[in-house]
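*Asks:* Below is one structure. I have some questions about it.
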Amino acid sequence: MADFGNDPSLWAAKGIGSAAGAAVSLVYMLPKGKREAGSRFFTGLICGLIFGGPAGLWIVAKLGIAGSLSGTEVMLTGSAAASLSAWWVLGAAARVAERYGRK
């Protein structure tokens, strides 16, 4: 496993990828209100920061392109994918709970 350490450029890539993934996910499934949008955006941002490295490594391994991308590109891709995925999963779960929950 690669050691990404505390390189500032990798942290910037994580932040940018996480914010981009969360923002794109807001466009695909619009939230019902500001509170829902804010909570999903920040959840996506945090998940992208936490799981960006492992997600990026998994993606490049599955695609077989590990040798052709830099660490920054791997981190950016992984953070965006983790952020987008987290938002979709939580958004879908919230809507299912709202529909079938107690009334």
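*Asks:* If you go through segment 43-88 one residue at a time, how many are buried (at least 16 other Cβ atoms within 10 Å of the Cβ) and not in a helix (DSSP H, G or I)?
*Replies:* Total satisfying the criteria: 1.
*Asks:* A further question on this structure: When Pro31 is evaluated against the numbered criteria (1) part of a helix (DSSP H, G or I); (2) surrounded by 15 or more Cβ atoms within 10 Å (Cβ to Cβ), which criterion, by number, is the only one it fails?
*Replies:* Here Pro31 clears every test but (1).
*Asks:* For segment 59-79, give me the residue count where each residue is of a type in the set (Gly, Ala, Ser) and in contact with a Lys or Arg (Cβ under 7 Å, 6 or more places away or on another chain).
*Replies:* Final tally of qualifying residues: 1.
*Asks:* What pairs come up if the first residue lies in segment 6-21 and is closer than 12 Å to Phe41 by Cα, the second is assigned to a helix (DSSP H, G or I) and of a type in the set (Ser, Thr, Tyr), and their beta carbons are under 7 Å apart, counting only those six or more places apart or on different chains?
*Replies:* Going by the 7 Å Cβ cut-off, the qualifying pairs are Ser18/Ser79; Ser18/Ser83; Gly21/Ser79; Gly21/Ser83.
*Asks:* Consider Ile16 carefully, then state whether it is β-branched (Val, Ile, Thr), under 9 Å from Ala80 (Cα atoms), in a helix (DSSP H, G or I) and out of contact with any Gly (no Cβ under 6 Å at 6 or more places or on another chain). Full working, then the answer.
*Replies:* Numbers: β-branched (Val, Ile, Thr): yes; under 9 Å from Ala80 (Cα atoms): yes; in a helix (DSSP H, G or I): yes; out of contact with any Gly (no Cβ under 6 Å at 6 or more places or on another chain): yes.
Criteria met by Ile16.
*Asks:* Kindly provide the set of residues from segment 42-56 that are aromatic (Phe, Trp, Tyr) and more than 8 Å from the chain's Cα centre (by Cα), ordered by number.
*Replies:* Here is the first cut: in segment 42-56, the residues aromatic (Phe, Trp, Tyr) are 42, 51.
Matches in segment 42-56: Phe42 only.
*Asks:* Pull out all pairs, ordered by first then second residue, where Cβ-Cβ is under 9 Å, the residues are six or more apart or on different chains, the first lies in segment 42-60 and is free of Cβ contacts under 8 Å to residues at least 60 places away in the same chain, and the second is surrounded by 18 or more Cβ atoms within 10 Å (Cβ to Cβ) and not in a helix (DSSP H, G or I).
*Replies:* Hits for this filter: Gly53/Phe4.
Residue by residue, here is whether (1) of a type in the set (Lys, Arg); (2) modelled with pLDDT of 90 or more holds:
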| residue | (1), (2) |
| --- | --- |
| Ala13 | no, yes |
| Ser25 | no, no |
| Ile59 | no, yes |
| Gly64 | no, yes |
| Val74 | no, yes |
| Ala93 | no, no |
| Val96 | no, no |
| Arg102 | yes, no |
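The values are calculated or read from the model by the stated rules, or taken from the named source; none is laboratory data. Just so we're clear, the structure is a prediction, and the values are computed from it rather than from any experiment. We place every Cβ from the backbone using ideal geometry, glycine too, and count neighbours over all the protein chains shown.
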